[in-house]
2 protein chains.
Amino acid sequence: MENLINKNILKIKPYEPGKPIEEVERELGLKNVIKLASNENPLGSSLKALAAIKRNLNTLNRYPDGNCFYLKNKLAKKLKLKPGNLIFGNGSDELIDVIIKTFVGLNEEVLTSKVSFVEYEIVSQANNRRFRALPLKNFKYDLMAIKMAIRKNTKAIFIANPNNPTGTYVNKRELEEFLKGLPKNLIVVLDEAYNEFVDVRDFPKSLDYINKNVIILRTFSKTYGLAGLRIGFAIAKPEFIECMNRVRQPFNVNLLAQAAALEAVDDAAFLSRSRKTILDGKMYLYNELEKLGFGYVCSVANFILVDVKQDCRIVFNKLLKQGVIIRPMAIYNLKNFIRVTIGTRKENIRFIKALKKVK
Amino acid sequence: MENLINKNILKIKPYEPGKPIEEVERELGLKNVIKLASNENPLGSSLKALAAIKRNLNTLNRYPDGNCFYLKNKLAKKLKLKPGNLIFGNGSDELIDVIIKTFVGLNEEVLTSKVSFVEYEIVSQANNRRFRALPLKNFKYDLMAIKMAIRKNTKAIFIANPNNPTGTYVNKRELEEFLKGLPKNLIVVLDEAYNEFVDVRDFPKSLDYINKNVIILRTFSKTYGLAGLRIGFAIAKPEFIECMNRVRQPFNVNLLAQAAALEAVDDAAFLSRSRKTILDGKMYLYNELEKLGFGYVCSVANFILVDVKQDCRIVFNKLLKQGVIIRPMAIYNLKNFIRVTIGTRKENIRFIKALKKVK
């Protein structure tokens, strides 16, 4: 067996997803479980997107358009870019794999921060690439330390902005200082999965940097409420996109995801309702957490990293028994922290009520 | 730019998909175009599968179950296997990537046949793995030659059975002879995407071999009529599956694909109607092709490789102008061959009519 498996693979610590609602209900015999564990949009999906899915059911026997023609054109117009600036993936997860394969050679490394999206490491390992991560500073990406740590073989730097699981962000000034004078042979990936929730003025306008060696990752899984369909995209200069297209699977984005996203990008009302729900919920949760005497990290995303001042796995289990799924942060060595996704008003109230019993 | 891109990537000749119907209609200003280019099920999809999609629209804001729990259990029961024998992918395409990453080391090679599914080569290249392909013999995989050609660093042998684009198959006796005495440190992948269309008695019962180092690939894209949703699966011993699970993306199979497949596996009536359509269509096409004086390769799948006795690109374009999309085989160096997917009776008649004008 050992000499059958590519050795690197055995080092991978598999990704631990947030527990699905039905799994918890099945295992614990509970009903009405709420999930605040995977930073999903609590309002569901755009009704226009769902209508588009229904309209396309009669073509599911056909392969999807491998070029995402209509979606690419519409989104390019919306972002004031060219279609050649865009590539779509089976979630932005797949595009992490595509970026590493396209830009990082076998003896080259991926550099990022600890306590960030775990897929950067998992995908690097699965691809036999070197991986290095530096500590956060005050729960934030330490861009200066990362810049100092660049080696000759550093080929891609992943910056989750806002960062998951901390909810912090690097601002325009910090990012511009970081990008200034970087070696020409490396790629900076700005993973902006939570971009649409950001409510601060000094957040970088990342599209301004794609004439540099910058690749932006975005997704329809969060604000757009389409996590179940798996569709994300990358924005970069056309030369980069062209190479990435060689690497991705030819039919990587399913037909219904394309149809739904095509409508979702236009549903401004749904987006603004989603944003308002998150911003209102954040204020409510900040306030309640303070009353309870818990610490938290200020977030510009749709989740909050909470210092529960006791073993997070115990808190996780106690909340689970009350039908509330959150994410314990022990895997990040943040043993007293949980990450809670901001839900609907009702869900937030239920979370706080459950948390009070845990205290 | 050159020192930014991983060199191997630039060697990749991108996959050329069958032209989508809407693209042809858009480009040529045609209506009622028919596509016999991508080996899709001409009957559409199981209505039960489509109903399941509608029932699940209200949960699209949630990530899919990364473990495909319900589908895995149901399919395992159906195949008389354990859930641990199964892994699902974003089409079986993704699983080719997972297999290569899991089993083939960096200096090891993938071995297969020429004139077979092009993704074996593309995915090997995208992963910096060595790739070697031997010629077909009478349009069939030459298993004896492949066995003789195994080197010390050969790690995975891909056998498309039935083969695409030829429609030929290796039979039980040939496969068993091939498997006998193979080196213990290599994997044999039986890619059975077209398995459900096979109508010959000596086709191998591949499930009998998974106690060996055999991995079987199957898909919901063909007989099950769900190509647009992207879902395929692999069958192997649990130790192999466990390693492959480390490598795949955590949410690789979208939620609607899981819901639809769960119903599709039970829709025996749809499957048998699909099979009958293909078998009847095959007889019709064989007969008409003979009348026209064209050669063809006998097929056990839902497509036929046809010797049109002139430049296939010219035939492709002439058929396209009549609104019939087929696949020219020039990329395989089969300059006088096209591959036509068996369609509905109406589509087959239209193809033959269009072909007559080309002759």
One decimal, nm, nearest first: from residue B:330 to the same residue in each other copy, label points 7 Å out along Cα→Cβ, the values are 6.1
Sorting from shortest, the nanometre distances separating the label point of residue A:268 (7 Å past Cα along the line to Cβ) from those of the same residue in the other copies are 5.5
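Summarise the partner chain shielding of A:3-13 as one whole number: the mean count of Cβ atoms from other chains within 10 Å of each residue's Cβ. Kindly include the intermediate steps, with their values, before the conclusion.
On the way: counts 5, 11, 10, 11, 1, 6, 9, 3, 1, 4, 1.
Going residue by residue through A:3-13 and averaging, the value is 6.
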With the 8 Å Cα cutoff and a minimum separation of six or more residues, chain A has a relative contact order in percent of 23
Expressed in nanometres to one decimal, the distance between label points 7 Å along Cα→Cβ at residue A:152 and residue B:28 is 5.6
Expected max-MSF residue from A:11, A:19, A:140 in the GNM of chain A (alpha carbon, under 10 Å) is A:11
If labels are modelled 7 Å from Cα along the Cβ direction, residue B:290 lies from its partners in the other copies at nm distances, smallest first, of 8.6
For the table B:321/B:359; A:72/B:114; A:48/A:282; B:74/B:205; B:78/B:184; A:80/B:31, the rows whose alpha-carbon distance is greater than 23 Å are A:72/B:114; A:48/A:282; B:78/B:184; A:80/B:31
Test assert for region A:200-228: residues whose accessible surface shrinks by at least 50 Å² between chain alone and all chains, 1.4 Å probe, equal A:228
The answer for chain B, accessible area per residue at 1.4 Å probe in Å², is 39
Any residue on another chain or 5+ positions along whose placed amide H is under 5 Å from the amide H of residue B:295 is listed here as B:307
Interface call, region A:104-121: threshold 20 Å², probe 1.4 Å, accessible heavy-atom surface of protein chains, chain by itself vs complex, result A:106, A:119
Between the modelled labels at residue B:145 and residue A:345 (7 Å from Cα along Cα→Cβ) the distance in nm is 7.3
Net charge (Lys, Arg +1; Asp, Glu -1) of residues whose beta-carbon lies under 14 Å from that of residue A:53, residue A:53 excluded, is +4
Largest fluctuation, A:124, A:272, A:92 only, Gaussian network model of chain A with Cα springs under 10 angstrom, belongs to A:272
Taking protein heavy atoms only, a 1.4 Å probe, and rounding to whole percent, the accessible area of the protein assembly as shown owed to carbon and sulfur comes out at 52
Among the DSSP H helices of chain B, those whose Cα atoms extend at least 30 Å along the helix axis and whose mean Kyte-Doolittle hydropathy is -1.0 or higher are B:268-292
Whole-Å distance linking the alpha carbon centroid of region A:94-160 with that of region B:279-342 is 49
Under the 7 Å Cα-to-Cβ spin-label approximation, residue B:73 and residue A:357 lie apart by a distance in nanometres of 2.6
Buried accessible area between A and B, both sides, 1.4 Å probe, in Å² rounded to 100, is 6700
Note to self, the protein assembly as shown gives a 222 nm [θ] from helices alone (DSSP H runs n ≥ 4, -39500 (n - 2.57) apiece, / all residues, nearest 500) of -11000 deg cm²/dmol
Chain A, Gaussian network, Cα under 10 Å: of A:248, A:273, A:327, the residue fluctuating most is A:273
Given a Förster distance of 60 Å, the FRET efficiency implied by the Cβ-Cβ spacing of residue A:47 and residue B:333, rounded to the nearest 0.05, works out to 0.75
Rounded to a whole number, the mean other protein chain Cβ count within 10 angstrom for residues of B:80-90 is 1
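The values are calculated or read from the model by the stated rules, or taken from the named source; none is laboratory data. Bear in mind that the values here come from a model prediction, so they are computed numbers and not experimental data. All Cβ positions, glycine included, derive from the backbone under ideal geometry; neighbour counts span all protein chains shown. Ligands, DNA and RNA are excluded from the accessible area calculation, which covers all protein heavy atoms including side chains. Shrake-Rupley method; radii C 1.70, N 1.55, O 1.52, S 1.80 Å.
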